[in-house]
1. Quick one: Cα centre-to-centre distance for segment 369-390 and segment 182-247, in angstrom?
2. Quick one: if you stick a label point 7 Å off each Cα along the C-beta vector at residue 390 and residue 172, how many nm between them?
3. If packing is taken as the mean number of other Cβ atoms within 10 Å per residue, what is the order of 191-204, 34-47, 334-347, highest first?
4. Starting from the Kirkwood Rh over alpha-carbon pairs, what translational D in µm² s⁻¹ does segment 6-164 have by Stokes-Einstein at 4 °C and 1.567 mPa s?
5. Where q = 0.19 Å⁻¹, what log10 of I(q)/I(0) comes from the Debye formula for segment 122-246, counting one point per Cα?
6. Quick check on segment 236-301: take the gyration tensor over C-alpha atoms, sort the square-rooted eigenvalues as a ≥ b ≥ c, and tell me if it's rounded (a/c under 1.5), prolate or oblate.
7. Express the relative contact order of segment 68-159 as a whole percentage, based on alpha carbon pairs under 8 Å and six or more residues apart in sequence.
8. Report the relative contact order of segment 118-251, percent, no decimals, based on alpha-carbon pairs under 8 angstrom and at least 6 residues apart.
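Each value in this text was obtained by applying a stated rule to the coordinates, not by laboratory testing. Values in this document were obtained by computation on a predicted structure and should not be read as measured data. Methodologically, a virtual Cβ is constructed for each residue, glycine included, from the backbone with ideal geometry; neighbour enumeration extends over all protein chains shown.
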């Protein structure tokens, strides 16, 4: 039996207090890598010492054998399995490991004195039904999870015990540090939200594009440092396409989904540990119960779910020999929208929709910022990039710029010009050509691209500079004039002198606005 760490001991002490106070359905939160199985084993041993029988319920069939093995490592050998005709079936064992899928199909459930529900954030309707059955109403149910934030969990469970936090575990060296890069920004315009997360069908269409998939592979080759990697994809087609692109680049890549059988998964795990496979693409099956030595995570699956996001990143935060940190390659913009996983924390179980007016929400933590030089996501308070040392570029486009005009039809409905990907790419390349002429940063070109098309340059867009055409030069001139007019208005509002005397200066500086020269020329007028 492994010796308990301080926070594990504290979590068990709080759990005993909760049960002693009359709670019957407490949840213990233990972040990924916190030793949840060790805590469960200690709870079970305490129950066995009192002559009690225990059932440990897992959320999927694939976790049965893994759980039995972990219990043996922690000194629990008298274990029976409730799963079809499993070879370890033994109704007389004091500890039963059961899959919820098996229990919900049985008319009679073997009686025990304590039930532990693993990954209890996965809310099967059967749990509520089970807890209300005659015998089970007075039997304690203990929930275990790293993410107890599912909607309406508070209606089923009656207490939340926070064993420790991800931040504390990283600071204590029990979890790995991590670096996040946002190398691309998907266009999710039009992707609907269903049940709190993106519609999978529409999300798959948005993410499974050749430039996006190719960017995942090229970014991993550049930044992944050949590390053992798990890639989270949207659906089977998306995951398969990513796998094929990795294989085409000479990188042996595995694939797992819900239809992969256990022997196949075990073989992939073995090949991954041996280094024969560098990347494993999967669709939602490696989010829990995986204790592999993962040193890079590819997020190719955008999500609005804090639970799914934390579970995916958690796969890479376990410590290992020689592991200094985990690299997160976020191709989904999830970190930019939800923040770092260490910022996500809740002290109460969700009660679902309440009739009472909710209390005023606390202000949301500021979100990470992307370094313009290396795509590293830095804390909002960081001015200098911790990864490359770059400072933010001075922005020349913060003033209001006049919008583009669009043709209106007879019904006065706007009909914005439709541009092809090829046209957008050519325009961006010419902007990059202009940055070389003027010695501007590439970030200038990206901002001007967004001013033109309303979105950032798409994934896979060519970054090869091209000499700007007269049309692009004219557009840039128009933008400069609009900016100059905006600054002139701002200057006029600040100074109440003779505004007409400023107009000649504006006319002279239309094509090459120099605010410093303008202020110097008219400082006496302003005074």
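1. The distance from the Cα centre of segment 369-390 to that of segment 182-247 comes to 23 Å.
2. 3.7
3. Details: 191-204: 15.0, 34-47: 21.1, 334-347: 17.7.
Per-residue mean Cβ counts within 10 Å order the peptides as 34-47, 334-347, 191-204.
4. On the way: Rh = 15.7 Å.
Roughly 83 µm²/s, to the nearest whole number.
5. One equal scatterer on each Cα of segment 122-246 leads to -1.12.
6. Numbers: a/c = 1.34, a/b = 1.13, b/c = 1.19.
Rounded shape, in that the Cα axes give a/c under 1.5.
7. Values: 85 pairs, mean separation 19.6, N = 92.
Relative contact order comes out at 21 percent.
8. Details: 69 pairs, mean separation 22.1, N = 134.
Taking the mean separation of contacting Cα pairs over the length of segment 118-251, I get 16 percent.
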